[in-house]
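Written out below as structure tokens is the structure these notes cover.
The values are calculated or read from the model by the stated rules, or taken from the named source; none is laboratory data. Quick caveat, the model's predicted, so the values are computed rather than measured. Every residue, glycine among them, receives a Cβ derived from its backbone with ideal geometry; neighbour counts consider all protein chains shown. The area values use the complete protein model at the heavy-atom level, side chains included, leaving out ligands, DNA and RNA. Shrake-Rupley method; radii C 1.70, N 1.55, O 1.52, S 1.80 Å.
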Amino acid sequence: MNGPDPAQPQQFVDDVKAGPGGAMTDEVGVVTGELTVSTTLRPDGRAEIAVQYTGAEEWYVLSGSPVPPPPAGLAALHQDILDRIGRGGGARAGA
């Protein structure tokens, strides 16, 4: 039986349409429209959240990232971030 490869970080990537006010990034401020969101578990145990315009090459750090994953795990954090961005309002990674 093979388990997860420790050399490969745990990662979730999905597309979402940002709600009014979009998502706040460190590099370019608010991004809006069709976005791709990546939530990756770092070696230090925190989760890094990045966003990009769907189909683009450049990624931007979601403000507040990295964050510790909740007890429910990385998948739950990723879904929470997708929900936040979907609601918009300058969504951030932190509370």
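Here's the yes/no breakdown for (1) among the aromatic types (F, W, Y); (2) more than 10 Å from the chain's Cα centre (by Cα):
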| residue | (1), (2) |
| --- | --- |
| D26 | no, yes |
| E48 | no, no |
| Y53 | yes, yes |
| G64 | no, yes |
| A72 | no, yes |
| A75 | no, yes |
| A93 | no, no |
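All of (1) at pLDDT 95 or above; (2) open to solvent by 30 Å² or more (accessible area, probe 1.4 Å) hold for H78 with one exception: (2).
Name the single residue that is nearest to the chain's Cα centre (by Cα) among those in region 9-24 being in a strand (DSSP E or B) and aliphatic (A, V, I, L, M).
Only one residue fits best here, namely V13.
Among residues of region 34-54 that are assigned to a strand (DSSP E or B), those with a beta-carbon under 9 Å from a residue that is open to solvent by 80 Å² or more (accessible area, probe 1.4 Å) and among the hydroxyl-bearing types (S, T, Y) at least six positions away or on a different chain give the pairs E34/Y53; L35/Y53; T36/Y53.
Restricting attention to region 55-68, the residues being open to solvent by less than 40 Å² (accessible area, probe 1.4 Å) and part of a loop (DSSP other than H, G, I, E, B) number 3.
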